[in-house]
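> Before anything else, here's the structure in question.
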Amino acid sequence: MEQDNFSDTERRVLEKIDEHAWLALACALIPAGQPEAENPLDPDEPPAREEAAALFIAGLLEDMGLSVDLVAKRPGRPNVIAVLPGSDPQGPSLILNDHLDTYPAGDWSAWTMTNGHPFKPTRHGGRLYARGTSDTRGNLACTLLAVRAIQEAGIRLKGSLSCVYTVDEEKNGPDGSIFLLDEHGLRADYTIVCEPTGWSKPDGSQGAGRSWGMGIAVANGGHVLVEVETRGVKTHLWRPDTGVNAVAKMARLLPALETMTFAHEPARLAGGTPPRTTILRVSGGLPREMQFTPDLCRAVMAVVGILPGMSVETVMADIDAVIASAAAADPELRASTRPYPGALFVDGTLEQDEAAQPTAAIARSYERLLGEAPQIYRKNAFNDTIRFAERGHAAVTFGPGEDGWPPVNEYIDIAKAVAATRILALTVLDLLGSE
């Protein structure tokens with residue numbers, strides 16, 4: 001970091017952001033309120049309870065001098081809204097957003113990098129391992145440290161800064177971002193969602209320095225869960241020729257569904273994953289009926305990479321066309337589809353203007369600190385940016401977390417996290433100004 005590139009105000013802030021400070025915050029945040037904050041995407045599974053995590057983070061924000069409100073749609077799931085008013089009532093406003101829930105950790109014994117405890121932050125080399133490191137307690141630590149550094153440097157912002165930490169992001173936001181935006185009236189001029197964007201290009205050498213592989217996502221792909229059902233005729237296992245095996249029919253149908261294509265208009269930023277399916281769950285056959293062939297089989301699949309212009313109607317029509325083609329070749333095939341009960345259809349979003357704020361400010365700070373321009377891209381996964389953007393907010397995603405989302409041994413790059421925190425702090429100063 002070339003000190004000559006920064007003002008005295010900026011240097012005072014940047015000096016307070018280092019590896020030790022970030023690690024201390026991240027290691028405190030990662031286990032907070034766990035495993036209660038695990039939130040499976042499955043609509044038929046109970047939701048998380050993020051209250052303990054919310055209370056812990058609210059206390060940190062109050063200690064930093066922000067006014068904090070806990071706002072909940074239902075008990076046990078409070079969203080955290082912390083405000084640092086600016087000196088200019090007419091000044092711009094910025095939200096730094098992250099979420100409180102995490103993926104479920106699954107089988108704890110599989111977490112070999114954390115000695116069998118998924119919520120125990122463990123360092124190996126330049127990486128910190130635990131559930132929530134990349135998605136997204138490690139990113140949340142970046143936002144808190146950036147704000148704390150500004151406060152400890154004695155800087156008064158002209159514009160208003162809000163730290164908003166939501167519940168229910170892993171289930172697409174009904175009790176979190178959707179509730180806050182539609183029922184609580186949450187608004188700001190700009191929103192930066194500090195979620196994983198750390199794999200937009202490979203890490204490695206670039207010129208004399210490191211290629212950081214952190215991009216700015218100015219759009220998101222959408223997704224939907226779909227249930228497929230095949231029906232057959234139950235028969236005795238000794239006479240499979242007299243029935244129709246629903247599981248066998250599903251097994252022959254799934255390859256066609258897995259390789260199908262979807263009608264769509266190409267987006268300017270298409271994203272790394274084109275619209276496609278991914279098979280998540282298959283079930284068929286009943287306990288105590290192993291003497292008989294199954295007459296019912298159900299599969300759950302996700303359609304991911306959904307782009308603007310696609311809808312639940314177009315997606316289901318494309319799936320039904322594949323099934324109709326399979327049924328024409330196999331008169332015994334009886335199959336039906338429906339959106340999975342309780343799951344939301346998530347639209348793909350239009351690209352934000354990368355020359356406008358807040359992207360321009362993030363990019364300026366990124367290049368000043370890292371010596372290269374960030375990649376502008378479409379993030380494939382859901383995060384709360386979608387809920388802000390589809391309601392007309394100037395919202396983008398930027399964070400050091402790795403978008404690989406390992407089912408186990410999740411990690412975050414420590415150097416990236418420190419760099420991203422410094423970028424966020426400079427961006428806040430750029431967007432909101434200081435006295």
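The values are calculated or read from the model by the stated rules, or taken from the named source; none is laboratory data. Keep in mind that what you see is a predicted model, and the values were worked out from it rather than measured. Cβ: placed from backbone, ideal geometry, glycine included. Neighbour counts: every protein chain shown. These accessible areas exclude ligands, DNA and RNA; they are computed on the full protein's heavy atoms, side chains included. Shrake-Rupley method; radii C 1.70, N 1.55, O 1.52, S 1.80 Å.
> Take the alpha-carbon centre of region 318-343, take the same for region 262-304, and report the distance between them in whole Å.
Answer, in whole Å: 11.
> For region 130-273, just the Cα atoms, rotate onto the principal axes and tell me the three extents in Å, largest first.
Taking the Cα atoms of region 130-273, the three principal extents are 81, 48, 37 Å.
> Just to make sure I understand: if all protein chains stay in place, what is the order of Val408, Val282, Val244 by accessible area at 1.4 Å, largest first?
Output order, biggest surface exposure first: Val282, Val408, Val244.
> A follow-up question, please. Rounded if a/c is under 1.5, else prolate if a/b is larger than b/c, else oblate: which is region 23-169, with a ≥ b ≥ c the root eigenvalues of its Cα gyration tensor?
Working: a/c = 2.71, a/b = 1.53, b/c = 1.77.
Verdict is oblate for region 23-169.
> Relative contact order for region 196-355: what is it in percent, counting Cα pairs under 8 Å that are at least 6 residues apart?
Values: 310 pairs, mean separation 53.7, N = 160.
Contact order relative to length: 34 percent.
> At 1.4 Å probe size, with no ligands or nucleic acids counted, give the accessible surface of His184 in Å², nearest ten.
90 Å²
> For region 130-187, which GluC sites (Glu not before Pro) are in a loop by DSSP, counting at most 13 other Cβ atoms within 10 Å? Could the numbers behind the result be given before it?
Values: sites: Glu152, Glu169, Glu170, Glu183; in loops: Glu183.
When the GluC sites (Glu not before Pro) of region 130-187 are filtered for loop state and at most 13 Cβ neighbours within 10 Å, Glu183 remain.
> Next question. At 0.36 nm per residue, and after removing the present C-alpha to C-alpha distance, how many nm does the segment from Ala329 to Glu435 gain when stretched out fully?
Working: separation 106, 0.36 × 106 = 38.16 nm, distance 7.26 nm.
Using 0.36 nm per residue and subtracting the Cα-Cα distance, I get 30.9 nm.
> Here's something else I'd like to know. Per residue, how much accessible area does the chain have with a 1.4 Å probe, in Å²?
Numbers: 17930 Å² over 435 residues.
Per residue, the chain has 41 Å² of solvent-accessible surface.
> Which one of Ala26, Ala420, Ala302 has the biggest mean-square fluctuation once the chain is modelled by GNM with Cα springs under 10 Å?
Ala302
> Can you list the GluC sites (Glu not before Pro) in region 1-63 that are in a DSSP coil and have 10 or fewer other beta carbons within 10 angstrom?
Details: sites: Glu2, Glu10, Glu15, Glu19, Glu36, Glu38, Glu50, Glu51, Glu62; in loops: Glu2, Glu15, Glu36, Glu50.
Those that pass, being in a loop and sparsely packed, are Glu2.
> Here's another thing I want to ask about it. Once neighbouring chains are kept in place and the probe is 1.4 Å, which whole percent of the accessible area of the chain is contributed by carbon and sulfur?
Values: 9370 of 17930 Å².
Whole-percent figure for carbon plus sulfur exposure: 52.
> Let me ask something additional. Can you tell me which of Arg77, Arg387, Arg156 moves the most in a GNM of the chain? Springs connect C-alpha atoms under 10 Å apart.
Arg156
> Which of the listed residues, Leu23, Ser7, Gly33, is farthest toward the dipole's positive end in region 1-48, when Lys, Arg count +1 and Asp, Glu count -1 at the beta-carbon?
Ser7
> Among Asp98, Asp241, Asp42, what's the order by accessible area (1.4 angstrom probe), most exposed first?
Values: Asp98 0, Asp241 110, Asp42 50 Å².
Output order, biggest surface exposure first: Asp241, Asp42, Asp98.
> Same structure again: With volume of the Cα convex hull per residue in Å³ as the read-out, I listed (1) 210; (2) 139; (3) 154; which label goes with the value calculated from this structure?
This structure yields the entry labelled (3).
> Under a plain spin-label model, where a point goes 7 Å from the Cα along Cα-to-Cβ, how far apart in nm are Ala270 and Arg252?
If labels sit at Ala270 and Arg252, their model points lie 3.3 nm apart.
> Most fluctuating residue of Thr261, Thr235, Thr349 in a GNM of the chain with Cα springs under 10 Å: which is it?
Among Thr261, Thr235, Thr349, the largest GNM mean-square fluctuation belongs to Thr235.
> Using DSSP to call loops (not H, G, I, E or B), can you name the GluC sites (Glu not before Pro) in region 312-358 whose Cβ has at most 14 other Cβ atoms within 10 angstrom?
Details: sites: Glu313, Glu332, Glu351, Glu354; in loops: Glu332, Glu351, Glu354.
Here the GluC sites (Glu not before Pro) that fit, given the DSSP loop and packing criteria, are Glu332.
> Excluding same-chain pairs closer than 8 in sequence, count the lysine pairs in the chain whose Cα atoms lie under 29 Å apart.
Taking the chain as the scope, the lysine pair count is 18.
> Rank Ser325, Ser7 by accessible area, highest first, at a 1.4 Å probe radius?
Working: Ser325 75, Ser7 55 Å².
From most accessible down to least: Ser325, Ser7.
> Which shape class applies to region 385-431: rounded if a/c is under 1.5, otherwise prolate when a/b exceeds b/c and oblate if not, where a ≥ b ≥ c are the square roots of the Cα gyration tensor eigenvalues? Could the numbers behind the result be given before it?
Details: a/c = 5.31, a/b = 1.25, b/c = 4.25.
In terms of gyration-tensor shape, oblate.
> Round to the nearest 10 and give me the degree value, 0 to 90, for the angle of helix 359-370's Cα axis relative to the longest principal axis of the chain.
Result, in degrees: 70.
> Using only Cα atoms, find the angle between the long axis of helix 51-63 and the longest principal axis of the chain, and express it within 0 to 90 degrees, rounded to the nearest 10.
Result, in degrees: 10.
> Suppose a student asked you for the relative contact order of the chain, using Cα pairs under 8 Å spaced at least 6 residues apart; what percent would you report? Don't skip to the answer; put the middle values down first.
Details: 997 pairs, mean separation 103.4, N = 435.
Reported as a whole number, the value is 24 percent.
> Can you give the angle from 0 to 90° between the axis of helix 138-152 and the longest principal axis of the chain, with both taken from C-alpha atoms, to the nearest 10?
20 degrees
> Could you give the length gained by full extension between Asp44 and Arg74, i.e. 0.36 nm per residue of separation minus their alpha carbon distance, to one decimal place? Could you put the intermediate results ahead of the total?
Numbers: separation 30, 0.36 × 30 = 10.80 nm, distance 1.77 nm.
Result: 9.0 nm gained on full extension.
> I'd like the distance between the alpha-carbon centres of region 138-184 and region 348-423, rounded to an integer number of Å.
Cα centres, region 138-184 to region 348-423: 15 Å.
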